[in-house]
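All remarks here apply to the structure that follows.
The values are calculated or read from the model by the stated rules, or taken from the named source; none is laboratory data. The structure presented is a predicted model; accordingly, all values stated were derived computationally and were not measured. Please note: Cβ atoms are built from the backbone with ideal geometry, for glycine as well, and neighbour counts cover all protein chains shown. Just so you know, the surface numbers come from the protein's heavy atoms only, side chains and all, with ligands and any DNA or RNA stripped out. Shrake-Rupley method; radii C 1.70, N 1.55, O 1.52, S 1.80 Å.
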Amino acid sequence: MISLLLLALFAAASSRAQQPPPNPDPRVDPTAELHTFRLWDKPAPGALGDKEEDIPTLTVYPATQHDKPGPAIIVAPGGSYHHLAANHEGRQIANWFNAMGITALVLQYRLGPRYHHPIELGDAQRAMRLVRSRAHELNIDPGTIGFMGFSAGGHLASTLATHFDAGNPSDSDVVNRENCRPDFVILAYPVISMTADYSHKGSAENLLGNPPDPTLAKALSNEINVTSSTPPTFLFSTSADTLVPAENTVAFYLALRKAGVPAEMHIFEKGAHGVGLALNDVALSEWGTLLRNWLRVRGVLAATN
């Protein structure tokens, strides 16, 4: 069922991708059609009902210029594991990636306090496997699929980057045979630690329960879970962020550096939490240019993109 639906949706997306973007500002395309599909045909594992909040999904934003299989990015908006900032950390970001020739997929993952770990991680892992398994229909390169997260979505992204597997080749579900390791990771003002003084308590409680189990909180403090297999990572935050302090970003970067993982970090002086593209801030909005340059260095983008 999902294959037939995806084929129809992606055929339409491929046709539309040949048209020039209607908005002169390619970072935000308010006319773009939405194509959303479930991560599982049947009720998701651990589902507590069949309402919208029980159904994890991906919404596809095809690249505006895509004449051959290209890179893709799954985007996890933030929201303290309680809600999703799906506009400025979802749709706008997706349109911005589209203008670079990158297909974006915005993840609606299940949230606390209704759902706790490992549900959220399971949704992220499934999203990676599903996109990789549908690479042909999506017209993307299965070896160039990244994962980006903002704030609590950054914690989810860093959890995926440190808790992945190669898939089960004998699984009856072909999607579960796929590797769920991202090829690169982008962390925007991320929550990283679940135990440090600078951790975001609300995210920890929504993800792990109130109070969080100390053993589980330590296991999901991702600054101590980095290995040499963690994907290359781009990180940014601001010194002025008092909600999710930059120490989270710095701790993960230092762990990446110690493990020998390629990484680039930028800490801006000013800027509140949750800025998204920061279009109204001349200095902070440069994070997008810096990211684009990093993607070129990594070979995700061609030098001319």
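Extension gain, Asn87 to Thr242, is 53.6 nm, computed as 0.36 nm per intervening residue step minus the present C-alpha separation.
Screening the chain for DSSP H helices whose Cα atoms reach 20 Å or more along their own axis and whose mean Kyte hydropathy is at least 1.0 gives 2-17.
Taken along the Cα-to-beta-carbon direction at a fixed 7 Å, the label points for Ile224 and Leu254 span 1.4 nm. Report, for the chain, the % of DSSP beta bridges that are antiparallel, rounded to 5. Rounded to the nearest five, the antiparallel share is 25 percent.
In this simple spin-label model, placing a label point 7 Å from the Cα along the Cα-to-Cβ direction at both Lys42 and Asn210 gives a separation of 3.5 nm. Normalised per residue, the accessible area of the chain is 43 Å², obtained with a 1.4 Å probe and no contribution from ligands, DNA or RNA.
Shown is the FRET efficiency for Lys201 and Asp67, computed with R0 = 45 Å from the Cβ-Cβ distance and rounded to the nearest 0.05: 0.40. Accessible surface of the chain, 1.4 Å probe: 53 percent of it comes from carbon and sulfur atoms. Between the range 263-290 and the range 75-140, the alpha-carbon centres lie 21 Å apart.
Just how many % of Cα pairs in the range 88-165 lie over 18 Å apart, if you round to the nearest whole percent? Intermediate values should be presented prior to the final figure.
Working: 1315 of 3003 pairs.
So the pairs more than 18 Å apart make up 44 percent of the total in the range 88-165.
Distance between the C-alpha centres of the range 225-262 and the range 48-72: 26 Å, rounded to the whole angstrom. A straight Cα-to-Cα reach below 25 Å connects Lys201 with the lysines Lys218, Lys270, residues fewer than 8 places away in its own chain not being considered. When the helices of the chain are scored as -39500 (n - 2.57) per DSSP H run of n ≥ 4 and the total is divided over every residue, the value at 222 nm lands at -9000 deg cm²/dmol. Taken over the range 60-118, the alpha-carbon convex hull comes to 72 cubic angstrom per residue. Shape summary: the chain maps onto an equivalent ellipsoid whose semi-axes, from the alpha-carbon gyration tensor, are 27, 24, 18 Å in decreasing order. Extension gain, Ala302-Asp165: 0.36 nm per intervening residue step, less the Cα-Cα distance, totals 46.4 nm. When Rg and the Kirkwood Rh are both derived from Cα coordinates, the Rg/Rh ratio for the range 142-247 amounts to 1.02.
Shown here are the Rg and Dmax of the Cα trace of the range 178-305, at 15.5, 50 Å. Ordering Ser239, Ser285 by accessible surface, largest first, gives Ser239, Ser285; the 1.4 Å probe counts only protein heavy atoms, with every chain in place. Ignoring lysines fewer than eight residues from Lys51 along the same chain, the ones with Cα atoms less than 25 angstrom from its Cα are Lys42. With the whole protein complex present, Tyr189 retains an accessible surface near 10 Å², based on a 1.4 Å probe.
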